[in-house]
Structures are given as C-alpha cells and as structure tokens.
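No value in this document is a laboratory result; all are computed from the given coordinates. As the structure is a computational prediction, the values presented were derived from the model and not from experiment. Here Cβ is always computed from backbone atoms with ideal geometry, including for glycine, and neighbour counts include all displayed protein chains.
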Amino acid sequence: SDSLVAQTACQKNLTANQLEEANVHFLDSMSSLPKAPDWLVIKIPKSLALLEYQLAQVQTIVGENTKIVAAAKAKSIQKSTLSLFEKYLGPTHTSLAKKKSRLVFSKPTLPIAILPSPEPISWQSDDKQLTLINYANVFARQQMDIGARLLAENLPNCDGKRVVDLGCGNGIIGLTVLQNYTDCHVTFVDESYMAVASARKNVESNFPDRMSQCTFAVSNCLEHFDKQTSFDNIICNPPFHQQNTVTDHIATQMFEDSKMKLAKGGELRVIGNRHLDYPQKLKRLFGGYNVIASDRKFSVLSSNK
Ligand code: SAM
C-alpha cells in the first residue's frame with residue numbers, strides 16, 4: 001500500500017477478526033514485490049497513474065503459475081484500465097458485474113517483454129528555481145496546487161527554526177522554506193510513502209548539500225514523533241478530500257497534533273478553502289487565529305501556542 005493509514009486499518013482488521021498478524025507481511029509502495037507469487041490480488045486504485053506504476057512492477061515478478069485477479073467498482077473499470085493490464089501483462093478479461101463490482105483477470109504469456117516503469121512526472125516552481133519530481137500517487141502531481149502557491153507566498157519567518165511541512169506531498173512547501181532560509185531544520189511528513197520519497201528526492205536534487213538539515217517521516221499526522229519532540233513552525237496544506245467525499249477530520253487531527261507538538265509560542269500556519277471551518281477549529285484549539293492572506297478561494301491562517 002502507499003498509505004500508512006490504510007496499512008494501520010488493515011492491521012486493526014486482522015486483530016478484530018482474530019487473524020494471525022504474523023502471517024501477513026506488509027510492503028509499502030516503494031518496496032520491491034516478492035518474485036513469482038501463486039496469486040496476485042489487486043484492488044484497482046482510483047488513480048490510473050498509480051495502477052500503471054503497480055502493473056509495471058507486477059510484470060517483473062509474475063511466474064509460470066501466477067494467477068492474477070483484480071477488482072474494482074464496475075463504473076471505475078474503463079477501457080483505459082483494461083488497456084493497462086493488456087499493455088503490461090497480456091490477455092485480459094472481466095467477470096460480469098456483481099453488487100456493482102467486477103473482477104479483472106490477466107493471463108501473462110511468459111516470458112513477458114518487460115516495459116520500462118513510467119518516469120515520475122516533474123514540474124518547475126513559478127520562479128523556475130525548483131524542479132519537483134512526483135511519484136505516481138502524489139498530490140498535485142501534474143502542477144503546483146493553487147492553495148500551495150498562496151501558502152508558499154505567505155510563509156512564516158523560519159530563520160533558526162525547527163519547521164514541519166505537514167502533509168508534504170512532493171515537499172513544495174518545505175523546499176520553499178529551504179530556498180528562503182538557510183538556517184533552519186525542515187521535517188517533511190506525509191502518510192503516503194510515495195509523497196515522502198518524492199520530497200526526499202526533491203531535496204536531494206534541489207539542495208544536495210542541505211540533506212543534513214532535513215528529516216523525512218511517513219506518519220499519520222504527527223503520531224510518529226515521541227513526546228519529547230517539539231517544533232517551532234508547522235506549515236500545512238491539509239487534505240480535504242478522501243475518496244470522493246469532502247472531509248475535515250484529517251485537518252482536525254493535524255491541528256490537534258500540531259498543538260501538542262509545537263513549542264510554547266510556536267506557530268501553526270495553514271491554508272484552507274474559505275468554505276471550510278478551519279477558523280473555528282483553530283479558535284477552539286489555540287484560543288484565536290490571524291488571517292495572514294486571502295484570495296477569492298483560500299485563506300492563510302496562523303495560530304500560536
Ligand atoms: N503540501 C503539499 C502541497 O501543498 O502541494 C500537499 C498538500 S495535499 C492538499 C495534502 C497532503 O496530506 C497529501 O500529500 C496527503 O498524502 C497528506 N495526508 C493525507 N492524510 C494524511 C495523514 N493522515 N497524515 C499525514 N499526511 C496526510
């Protein structure tokens with residue numbers, strides 16, 4: 001899985017159903033798959049780019065006896081989905097729909113002529129100073145998010161500060177901090193393994209001599225950090241979509257964790273769509289907030305501990 005949160009939910013479900021956790025080995029999206037499994041079961045992801053990345057990995061490990069079955073809601077199995085199975089694995093057919101879902105079966109003809117894995121997409125920041133690569137499942141993979149742009153233009157003073165880029169995606173916010181402040185430490189945090197891997201690669205390529213000023217963590221909000229860890233500035237462009245629904249529960253957890261992990265006087269700076277009730281949440285948690293900037297759609301808000 002690319003998601004630490006999904007992996008944790010899966011672990012909880014094993015326990016809840018008295019299934020032996022020792023029999024299950026979790027692999028993150030950046031790890032290599034084991035060779036020649038008997039069965040390969042795929043839950044087809046919503047993102048076609050992620051599916052393509054996964055199938056490019058799968059083509060390299062299928063064996064003589066590997067049986068491949070994939071599943072998704074019937075409406076999300078398009079011609080383009082099946083073409084990817086055919087491109088990377090060979091002849092593919094689907095089952096009839098049952099409870100609005102379908103199965104996809106592929107039968108690779110061995111030996112497979114291995115196709116190269118698609119390259120991560122890259123784009124440049126507005127000032128052309130930063131080049132950002134994005135692995136398949138990363139937010140704003142094709143271009144800079146408009147919220148991220150307003151936040152990057154309204155960063156707090158990070159001079160000499162311990163800074164967190166919370167929900168870092170490709171790391172654009174933390175990289176902009178590094179670009180503007182030479183003396184700071186930036187911790188890049190995301191629950192997506194591909195996001196954190198992208199952020200790491202982006203620091204390595206844009207600021208190769210500043211890796212020692214950076215930490216990278218796959219974490220559900222700030223759960224990964226122990227009680228003693230504290231930060232001066234936490235900067236965040238929170239997610240507000242999960243699957244197809246608008247949600248603010250992750251933002252709420254991010255704000256609560258930030259309150260816990262900020263040093264006294266430390267600052268949380270967030271960007272939010274103006275229709276979300278981030279101001280109320282910040283007021284409840286921190287006792288107040290300032291509006292640093294806003295445009296027609298977004299506001300940049302700041303609260304101090
Ligand atoms: N900072 C990047 C930017 O501004 O372009 C990405 C912002 S995107 C709106 C939100 C990010 O939060 C995504 O990269 C997503 O993977 C991450 N995220 C979602 N749930 C999370 C969680 N529970 N803990 C940490 N990060 C999470």
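Contact order, relative form, for segment 1-92: 26 percent (alpha carbon pairs under 8 Å, 6 or more residues apart, mean separation divided by residue count). Listing V5, V163, V24, V104 from fewest to most neighbouring C-beta atoms within 10 Å gives V24, V5, V104, V163.
In order along segment 215-230, the Karplus-derived 3J(HN,Hα) couplings, from 6.51 cos²θ - 1.76 cosθ + 1.60 at θ = phi - 60°, round to 10, 10, 9, 8, 8, 6, 6, 10, 4, 5, 8, 6, 4, 6, 5, 9 Hz, and Gly and Pro are given as x. Summary value for segment 90-201: 20 percent relative contact order, contacts being C-alpha pairs under 8 angstrom separated by 6+ residues. Shown is the FRET efficiency for A74 and I146, computed with R0 = 30 Å from the Cβ-Cβ distance and rounded to the nearest 0.05: 0.35. Centroid-to-centroid, using Cα positions, segment 178-210 and segment 284-305 are 25 Å apart.
The phi torsions of segment 192-201, fed into the Karplus equation with coefficients 6.51, -1.76 and 1.60 and a -60° offset, translate into couplings of 9, 5, 5, 5, 5, 5, 5, 4, 4, 4 Hz, rounded to whole numbers, with Gly and Pro shown as x. Here the peptides 198-211, 268-281 are ranked by packing, the mean other Cβ count within 10 Å, and the order with the highest first is 268-281, 198-211. Annotation: for a label point projected 7 angstrom from Cα along Cα→Cβ of T60, residues of segment 88-124 with backbone N closer than 20 Å are 88-90, 108-122. Multiplying the residue separation of D28 and D127 by 0.36 nm and subtracting their alpha-carbon distance yields 32.3 nm.
The trypsin sites (Lys or Arg not before Pro) of segment 30-120 that meet both conditions, a loop assignment by DSSP and at most 13 other Cβ atoms within 10 Å of the site Cβ, are K35, K46, K99, K100. Amide H contacts under 5 Å for S101: A74, restricted to partners 5 or more places along the chain or on a different chain, H placed in the peptide plane at 1.01 Å from N.
For the pair D159 and K35 in one chain, pulling the backbone fully straight at 0.36 nm per residue adds 39.8 nm over the alpha carbon distance.
Legend: distances between Cα atoms for K46/K261; K43/K100; K259/K297; K46/K100; pairs beyond 22 Å are K46/K261; K259/K297. Helix 249-261 and the long axis of the chain differ in direction by around 50°, with both axes built from C-alpha atoms. Here's how it looks for K161: its modeled amide H is under 5 Å from those of H185, which are all 5 or more places away or on a different chain. Annotation note: GluC sites (Glu not before Pro) in segment 1-88 located in DSSP loop regions with a Cβ neighbour count of at most 14 within 10 Å are E20, E64. In the chain, helical runs assigned H by DSSP with n ≥ 4 each contribute -39500 (n - 2.57); averaged across all residues and rounded to the nearest 500, the mean residue ellipticity at 222 nm is -8500 deg cm²/dmol.
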